[in-house]
Every structure is written in C-alpha cells, then in structure tokens.
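What follows is a short report on a single structure.
The values are calculated or read from the model by the stated rules, or taken from the named source; none is laboratory data. Because the structure is predicted, anything quoted here is derived from the model rather than measured. Ideal geometry is used to build each Cβ from the backbone, glycine not excepted, and the neighbour counts take in all protein chains shown. Quick note on the areas: whole protein, heavy atoms, side chains included, nothing else; ligands and nucleic acids left out. Shrake-Rupley method; radii C 1.70, N 1.55, O 1.52, S 1.80 Å.
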Amino acid sequence: MEPRSRRLPGTDGLSIHVLEWSEEGVPLVLVHGFGNEAHIWDDFAPRVAPHYRTVAVDLRGHGDSDHDPKGRYDYEHHVADLEAVTAALDVERLVLVGHSFGGRTATLFAAKHPERMAGLVIVDIGPEHDPRGTTRIRMEVMQRGDGSFAEPGEYERVLAHNFPAGSPEALRRMARHELRQRDDGRWVRKADPAFMAGRPGQGEAEAEARERETARRLWDALEKINCPTLVVRGAASDVLSPDVADRMVDEVLAKGQLAVVPHSAHSVMTDNPKGFAEAVCGFVLG
C-alpha cells in the first residue's frame, strides 16, 4: 500500500508535508519523533488504513516539510501546525499517535483540544526523560560530524549503530527517506540542523530549568486528557522509565492503559514492528 503525498498549509507561512494512506473513516494522525519523518510509520500505517483515515505528518523542519528560517521549533509551534493541518484536512475528531518528541506534541495538542480526541497513543515518551536516553541521544548528535555521507548506505550503517534492535528493512527505509542529495553529490539529513542542534548558547543550568518547566506542563496536560489513552513503552527503553510510565497510567491519565512491547527500545515501531502493531491495533481496533 503506497500513501499519497500532499503538502498542506502550516503556520508561520510554512508548508507541511503529509502522507495519506486512506481517506475513509475516523481520522488517525501519526506524528514522528526527533529527527525522523512520516515514513517511520510505513510498517504500521497499512495495518490501520482499512479502518481509519490514516495520515502521517512531517513536522516542520523534518522530512519534506519546510524548515523554519527563524528556528521556531518549540512544542507550541508544532501544536499550531497540527491545528492547521487538521483544519486543512477538514478533520475535527481524531485519534492521535505520537512517538517521542511527537508524543509530547500530541500530548499538548490533546490537552488543548480534549473535545476533539477520540483516542491518544503516546509512544515511549513521558513528561520526564530517563537521563540515560538523554545522554545517549546527545552523544549520537555530537558524533555525526558535518552530517554528510558519500552514499545512503553509509548513513544506514550509522543508523544500525544507533538503532541496534531496528529491523534491516526499517533502517533501509529510514536511510532512504531521511536523506537528500546536495549539489556536490553528498547526502545530508533532511532534518533542519537548527532543530537538531537545539538552542545554541544555552547553558546546562538553563537547559535543565527549561526541561523541568516542560515536565510540569506535560504532567498538567495529561491531567486534562479524558479520552482513552495508550502509553506504549519499549521493554528496553532508556527514554521512558517504568516508574514514569506507571505514574502516567495509574495516577494521572483518566483512562490510561500501558503496553510494554518486548524486544524493543525507544524506537518501538522500528525495533519490533509486529509487536508494536499488535499493541496499538489491540487498542485502536478493539
């Protein structure tokens, strides 16, 4: 099943790229994580497309969506883009599935629009990060050098190191869709370097204070969500700790459920596509 590629108006004058697998049924919108793009859902989307109007979004600064020349990549800008994209698609009530950075964006969107939510799936992310994952991701970004590659296979080998549990097909697909070729023939990631670099000049204390404030906002957001919500955690995740996942489901979410997917780390849908699909389809298809 091949999705249809579309460009839709976002906010701030940016164009947002989406993949649309189907046009019938309750809308199910998929939001990728840090540095990824909409094709990260290629294994999962065909499973739900016969039952939902299935759309995957490239966040601004990712995939084939526009980069923001002003570097506006805070969560509120991505939430505003989701509002614009769903309006352009004439989507009112929806199921939202978000992984990692996209999961936080989806959480904030759901809290802002609880009346629009038919369901929410938060994939391996919570209000608080496990420090192990934060350190690993920071090191991976630092080790990329200038981020250019002689050919996509070189980047695929980097992905195999960073995603040791990832299926070979998922890694090949990531290498194919996350890169673009420069005029000099070398390949670079589509993700905006300004997004990947974070906030230049931000000190460690400032970054920690900002993350604490984000955590507070996200815990508050979870309390406002009253739709059925599935929290998916990779069994070997170093980003979403068991304690935080349990607190989300047992103490904060009104209708929370937890699914722990075996043989997977943070990138659950590429590490164990079958296990991920079984967990989420069990939730969204009943």
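Apply 1/(1 + (r/R0)^6) to the Cβ-Cβ distance of SER15 and ASP243, taking R0 = 35 Å, and write down the FRET efficiency to the nearest 0.05. Could you put the intermediate results ahead of the total?
Working: r = 40 Å, r/R0 = 1.16.
It comes to 0.30.
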**OP:** Any chance you could list P(r) for the chain, counting all Cα-Cα pairs in 10 angstrom bins from zero, rounded to whole %?
**Re:** 6, 30, 39, 21, 3, 0
Original post:
With each label point set 7 Å from Cα along the Cα-Cβ vector, what nm distance links GLU211 and ARG93?
Top reply: 3.9
**OP:** Name the residues whose placed amide hydrogens come within less than 5 Å of the amide hydrogen of TYR52, ignoring near sequence neighbours (fewer than 5 apart) on the same chain.
**Re:** none
Original post:
Using alpha carbon centroids, what distance separates the range 226-240 and the range 168-194, in Å?
Top reply: 28
Original post:
If amide H atoms are built 1.01 Å from N in the plane of the peptide, which residues on other chains or at least 5 residues away come under 5 Å of the amide H of LEU179?
Top reply: LYS190
Subject >> Amide H partners (placed H, <5 Å) of LEU258, local residues excluded >> reply: VAL231
Subject >> Centroid-to-centroid separation of the range 82-127 and the range 249-286 [C-alpha atoms, Å] >> reply: 16
Original post:
Across the chain, how many lysine pairs separated by 8 or more positions, or lying on different chains, have Cα atoms within less than 28 Å?
Top reply: 7
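Given a 1.4 Å probe and every protein chain left where it sits, what share in percent of the accessible area of the range 75-127 is carbon and sulfur?
Values: 690 of 1320 Å².
Its accessible area is 53 percent carbon and sulfur atoms.
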Original post:
Within the chain, which complete DSSP H helices have Cα atoms spanning at least 18 Å along the helix axis and a mean Kyte-Doolittle hydropathy of 0.0 or higher?
Top reply: 75-88
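Please work out the FRET efficiency for the pair ALA254 and HIS161, using the Cβ-Cβ distance as r and a Förster radius of 45 Å; give the result to the nearest 0.05.
About 0.65, to the nearest 0.05.
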**OP:** Compare ALA194, ALA150, ALA160 in a GNM of the chain, Cα atoms joined below 10 Å, and give the one with the largest fluctuation.
**Re:** ALA150
Subject >> Dipole-positive endmost among ALA118, VAL249, TRP41 within the chain (Cβ charges, Cα centre) >> reply: TRP41
